[in-house]
Amino acid sequence: MSKRLLTPPDIATIKELYPYQSTRSIAEQLGLSERTVYNWAYKLGLKKSPEYMKSTLSRLVRNLQESGKAYRFKKGDAPANKGRKMDASLYAKCSRTMFKAGHLPANTLHDGAETIRNDKNGHQYYWVRITLGKWMPKHVKLWQDANGPIPKGYNVVFRDGNTLNCVLGNLECISNAELMTRNTLHNLPDDVKELVYLKGRLSRVIYKATNKDQ
C-alpha cells in the first residue's frame, strides 16, 4: 500500500471510529495500513472502549472454544501411546537428560543451611534448615540446643534488640508477661528500665533454682 498524507477528515474519522471499531476495518475504509492507524491513535491518545474490548475478548474466547473442539481429549479417551514402551534407541538418546528418582534441584539447600526471612511486622530473623522441607528460627534452635525445650508461655528474645545478632550470648528466655512489659519500656526512664531488666533476670534465676529437680 502506497504511503499518503492523512487529511483532516481522515484524522477525524480515526478519532470517531477507533474506540468502537477494529483497526483493520478503519484502515480498509481509509485506504491506510493498520500500522498507520495504530500510530495515529497513539499520537491522538485514543484507546479502545471497554465495550469494544469486552466484545472482542468474548469473540476471541468463543472462536478458541469452537476451533479447539476437534482436538481436545474427551472424557474416557486413552492416549495413543498408552501401554507402549519407549523405543530403546530413543530411550538411550534422551535418558541422559531425564530426572532420576529422588532427584533434587541444583539450588536445594543442605541441612544446616541458613536464610533470612521477614516476619509479618517486617522484622528480620535467621532461619535454619533442619531437614528437607522443615525450617525453624535459628535463635530458637540455638537456645534449645543449649538449654532444652522452651517452657510454655516463654519466648526467646535478643538482649540487644538486634534480631540479626543471632549468637547464644545475645539470647535470653523470658515470659510472655515480661515480654509485654519490655514492649512498653520505651516510655520509661533509663534507670527504671534497668530495674525491670534486673527483676526479670532475678525471677529467672529463682525459677531455675526451684525447678531444677523437677
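Here is a yes/no grid of residues against (1) in a helix (DSSP H, G or I); (2) among the hydroxyl-bearing types (Ser, Thr, Tyr); (3) open to solvent by 80 Å² or more (accessible area, probe 1.4 Å):
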site: Leu104; (1), (2), (3): no, no, yes
site: Gly122; (1), (2), (3): no, no, no
site: His139; (1), (2), (3): yes, no, no
site: Asp145; (1), (2), (3): yes, no, yes
site: Val157; (1), (2), (3): no, no, no
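Within segment 51-58, is there a residue that is more than 30 Å from Ala27 (Cα to Cα), open to solvent by less than 70 Å² (accessible area, probe 1.4 Å) and out of contact with any strand residue (DSSP E or B) (no Cβ under 8 Å at 6 or more places or on another chain)? Checked against the condition, which is being more than 30 Å from Ala27 (Cα to Cα), open to solvent by less than 70 Å² (accessible area, probe 1.4 Å) and out of contact with any strand residue (DSSP E or B) (no Cβ under 8 Å at 6 or more places or on another chain), segment 51-58 yields no hits at all. The residues of segment 65-80 that are open to solvent by less than 100 Å² (accessible area, probe 1.4 Å) and not in a helix (DSSP H, G or I), listed by number, are Gly68, Gly76, Asp77, Ala78, Pro79, Ala80. Kindly check whether there is at least one residue in segment 57-64 that is of a type in the set (Gly, Ala, Ser), without any contact (Cβ under 8 Å) to a residue 40 or more places away in the chain and outside any loop (DSSP other than H, G, I, E, B). Yes: one or more hits.
Summed over segment 109-120, the residues that are under 18 Å from the mean Cα position of the chain (by Cα) and in a loop (DSSP other than H, G, I, E, B) give a count of 2. For segment 84-102, give me each residue that is open to solvent by 80 Å² or more (accessible area, probe 1.4 Å) and not in a helix (DSSP H, G or I). Arg84, Lys85, Met86, Asp87, Phe99, Lys100, Ala101, listed by residue number.
Among the residues of segment 159-180 satisfying the criterion of being in a helix (DSSP H, G or I) and surrounded by 16 or more Cβ atoms within 10 Å (Cβ to Cβ), which is farthest from the chain's Cα centre (by Cα)?
Going through segment 159-180, the residues in a helix (DSSP H, G or I) turn out to be 168-170, 176-180.
Subset that is surrounded by 16 or more Cβ atoms within 10 Å (Cβ to Cβ): 170, 178.
Values: Asn170: 32, Glu178: 35 Å.
The qualifying residue farthest from the chain's Cα centre (by Cα) is Glu178.
Please go through segment 124-137 and give me each residue that is surrounded by fewer than 17 Cβ atoms within 10 Å (Cβ to Cβ) and of a type in the set (A, V, I, L, M), ordered by number. Correct list: Ile130, Leu132, Met136.
The values are calculated or read from the model by the stated rules, or taken from the named source; none is laboratory data. No experiment lies behind these values; they were computed from the predicted model shown. Methodologically, a virtual Cβ is constructed for each residue, glycine included, from the backbone with ideal geometry; neighbour enumeration extends over all protein chains shown. Accessible surface areas use protein heavy atoms only, side chains included; no ligands, DNA or RNA. Shrake-Rupley method; radii C 1.70, N 1.55, O 1.52, S 1.80 Å.
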